[in-house]
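Structure first, then comments.
FYI, it's all coordinate maths here, none of it is from the lab. These figures come from a predicted structure and were not determined experimentally. Don't worry about glycine lacking a Cβ; one is built from the backbone with ideal geometry, like all the others, and counts go over all protein chains shown.
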């Protein structure tokens, strides 16, 4: 038997009307579809707890893969794979110091996104 979902009356308009002036203003401010696709892909990178853990760690300090593995109790291939994805997306960068490669956030925007996310879930 198929169950019918009921829509609460306070969730939808009681009449159908389009506010053309509002729609026009918002439509003119919408980014291009390709830009929205890239933004969606960007936010998908924050949809994995391992990647978010790596980003949070890097928001605190520059770290090498070995440091991240020890901190997150993960194997090196798994951490390296995530770092590769984050680097390709220009969210993290690296630098070599002798035989060690250190990773850090690409810019302060990522730190601000993490902080905003924490503020949001804490209700601040």
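Out of all the residues in the stretch 31-42, which are closer than 18 Å to residue 89 by Cβ and loosely packed, with under 10 Cβ neighbours inside 10 Å?
Residues satisfying the conditions are 34, 40.
Can you pull out every residue in the stretch 12-30 that is closer than 26 Å to residue 117 by Cβ and either in contact with a helix residue (DSSP H, G or I) (Cβ under 7 Å, 6 or more places away or on another chain) or loosely packed, with under 10 Cβ neighbours inside 10 Å (or both)? Please lay out each step first, then the result.
The initial filter retains those residues of the stretch 12-30 that are closer than 26 Å to residue 117 by Cβ, namely 26, 29-30.
Within the stretch 12-30, 29, 30 meet the criteria.
Can you spot a residue in the stretch 91-101 that is free of Cβ contacts under 8 Å to residues at least 12 places away in the same chain, assigned to a helix (DSSP H, G or I) and surrounded by fewer than 15 Cβ atoms within 10 Å (Cβ to Cβ)?
Taking every residue of the stretch 91-101 in turn, none turns out to be free of Cβ contacts under 8 Å to residues at least 12 places away in the same chain, assigned to a helix (DSSP H, G or I) and surrounded by fewer than 15 Cβ atoms within 10 Å (Cβ to Cβ).
What are the pairs with Cβ atoms under 6 angstrom where one residue, in the stretch 77-90, is assigned to a helix (DSSP H, G or I) and the other, located anywhere, is surrounded by fewer than 15 Cβ atoms within 10 Å (Cβ to Cβ)? Sequence gap at least six, or different chains.
Listed by first residue and then by second, the contacts come to 82/50.
Just give me the residues in the stretch 102-114 being surrounded by 13 or more Cβ atoms within 10 Å (Cβ to Cβ) and either assigned to a strand (DSSP E or B) or out of contact with any helix residue (DSSP H, G or I) (no Cβ under 7 Å at 6 or more places or on another chain) (or both), in sequence order. Even if it seems obvious, please write down each step before you answer.
Initial filter on the stretch 102-114 (surrounded by 13 or more Cβ atoms within 10 Å (Cβ to Cβ)): 102-106, 110-111, 113-114.
The answer is 102, 103, 104, 105, 106, 113.
Residues are listed down the side, and each one gets a yes or a no for (1) surrounded by fewer than 18 Cβ atoms within 10 Å (Cβ to Cβ); (2) touching a helix residue (DSSP H, G or I) at 6+ places or on another chain (Cβ under 8 Å); (3) over 15 Å from residue 113 (Cβ atoms):
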residue	(1), (2), (3)
46	yes, yes, no
51	no, yes, no
54	no, yes, no
61	yes, no, yes
73	yes, no, yes
79	no, yes, yes
82	no, yes, yes
